[in-house]
Amino acid sequence: MKRILTITIFTLFLALAFASVAFAQQSGPTDDDVNAIAKQLFCPVCENTPLDVCPTQACAQWRALIKEKLAAGWSEQQIKDYFVTQYGARVLSEPPRTGLNWLVYIVPPVVFIIGAVILYRGLVSMRKPAAMTVAESAPATKNESAEDYMKRVEEELKKRN
């Protein structure tokens, strides 16, 4: 019985030791937490460069600011709103879905669908033979007999099948 009690106490001691290490690592926001938000923001100084990979000193300061805001308990949306009020909507990697920005989400699928319809109609019209006009259906010359004309029509039908 004494041995079981000793093993149990030793196991609890090890569990607490590992738990304290795990809790010590979770004291503040990690770089992964900061980069998850920084990926969604563009550098206000560099054009088209995500904040998480921008090498400038200003971006390093903005990432540190994000870390401070996370440590203070700010949510992801609050941090994004803060950057939008400071630098404008151009810092967002995804434009807000308001006003004319909806066109960014609507126009490409509509253009794609219209293009697909035009392509389909073009391919279908290429497969169908053109309708014969009245001039083409009549005998080519006055000397051509009705039998010659019928032979020519049958040959054309055989070619198409």
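The values are calculated or read from the model by the stated rules, or taken from the named source; none is laboratory data. Just so it is clear, the model here is predicted, and its values are computed rather than measured. We place every Cβ from the backbone using ideal geometry, glycine too, and count neighbours over all the protein chains shown.
Report, by residue number, each residue of region 40-67 that is loosely packed, with under 14 Cβ neighbours inside 10 Å and assigned to a helix (DSSP H, G or I).
Step one: of region 40-67, the residues loosely packed, with under 14 Cβ neighbours inside 10 Å are 45, 47-48, 53, 55-58, 60-61, 64.
Answer for region 40-67, where residues must be loosely packed, with under 14 Cβ neighbours inside 10 Å and assigned to a helix (DSSP H, G or I): GLN57, ALA58, ALA60, GLN61, ALA64.
Taking only pairs six or more apart or across chains, which ones have beta-carbon atoms under 7 Å, a first residue in region 95-120 that is at pLDDT below 80, and a second residue that is among the hydrophobic types (A, V, I, L, M, F, W, C)?
Partner pairs satisfying both residue conditions: PRO95/ALA89; PRO95/VAL104; PRO96/ALA89.
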